[in-house]
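Let me begin by presenting the structure, written as structure tokens, before commenting on it.
The values are calculated or read from the model by the stated rules, or taken from the named source; none is laboratory data. Remember, predicted model here, so these are calculated numbers, not experimental data. Because the Cβ atoms are built from the backbone with ideal geometry, glycine has one as well, and the counts that use them run over all protein chains shown.
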């Protein structure tokens, strides 16, 4: 599905069902340097179980027109504009990593537009290692290599893909490697710079769940506690054995958690 947001083309996968804004909309927001395909297993199930799904490519990512936006707050304003373009009065937001920051900022910016919130792989701050940021800005493969080395859990590093013969880490390298280097660099810089998570969490009024990986090295589950404590009534689900990329590593467990809140 294509939309026009702020005058630019935006692509969103709908899970094989026509998007109906009156049918419990869910917006899925991907992480840094990624695109809508990280949600492919969850997207289809949600779309066939009562939700209207928009798994979006953020500006400058995947099939969406650029340029990439530079701050989490700009991306939150863009998300509200996306809801307007889709004709959705309200939506559940599910975000992974940078997408979780965007979802959180959007819920604080426009609380009347967000009916539920799922935050995956999130901590109050997400500092980016200077070497990774420098590699991203230079368009070097080291950036995607570091992201996959730190982003996938121990089991995923060795195997465990649901499809025999496929390796999750190689898939991650190809996904991030095909991203526009300018978009990846902008994403990482935006994550590192945003310090508004705890303030935004205090403003959330929607039902919320944090979905965390027990083996996540990028956003360790233990560091999410202050964020969960700031969101009134927030629930926390920790997926055993999952790293940062839980949607790929543990798709069924991630979906089970998502379905409880979105």
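All told, residue 34 falls short of being in contact (Cβ under 8 Å) with a residue 24 or more places away in the chain, exposed (fewer than 15 other Cβ atoms within 10 Å of the Cβ) and in contact with a helix residue (DSSP H, G or I) (Cβ under 9 Å, 6 or more places away or on another chain). Taking the condition under 23 Å from residue 215 (Cβ atoms), surrounded by 14 or more Cβ atoms within 10 Å (Cβ to Cβ) and either in contact (Cβ under 8 Å) with a residue 40 or more places away in the chain or out of contact with any strand residue (DSSP E or B) (no Cβ under 6 Å at 6 or more places or on another chain) (or both), does residue 156 pass? Yes, satisfied. Say whether the condition of being surrounded by 15 or more Cβ atoms within 10 Å (Cβ to Cβ), within 28 Å of residue 199 (Cα to Cα) and at pLDDT below 95 is met by at least one residue in the range 133-147. The answer is yes; a qualifying residue exists. Would you be able to tell me the number of residues in the range 2-31 that are at positive phi, exposed (fewer than 15 other Cβ atoms within 10 Å of the Cβ) and touching a strand residue (DSSP E or B) at 6+ places or on another chain (Cβ under 7 Å)? Within the range 2-31, residues that are at positive phi, exposed (fewer than 15 other Cβ atoms within 10 Å of the Cβ) and touching a strand residue (DSSP E or B) at 6+ places or on another chain (Cβ under 7 Å) number 0. Filter the range 73-90 for residues that are under 19 Å from the mean Cα position of the chain (by Cα) and surrounded by fewer than 19 Cβ atoms within 10 Å (Cβ to Cβ); which is farthest from residue 26 (Cα to Cα)? Top of the filtered list is 74. With a requirement of 1 or more residues that are more than 17 Å from residue 232 (Cβ to Cβ) and either touching a helix residue (DSSP H, G or I) at 6+ places or on another chain (Cβ under 8 Å) or modelled with pLDDT of 95 or more (or both), the helices (runs of 4 or more DSSP H) lying completely within the range 163-210 that satisfy it span 168-177, 181-193.
Quickly run through the range 175-194 and pick out the residues that are crowded, with 21+ Cβ neighbours inside 10 Å and over 16 Å from the mean Cα position of the chain (by Cα). Passing the criteria: only 185. With respect to the conditions (1) surrounded by fewer than 22 Cβ atoms within 10 Å (Cβ to Cβ); (2) touching a strand residue (DSSP E or B) at 6+ places or on another chain (Cβ under 7 Å); (3) at negative phi, residue 52 falls short on a single one, namely (1).
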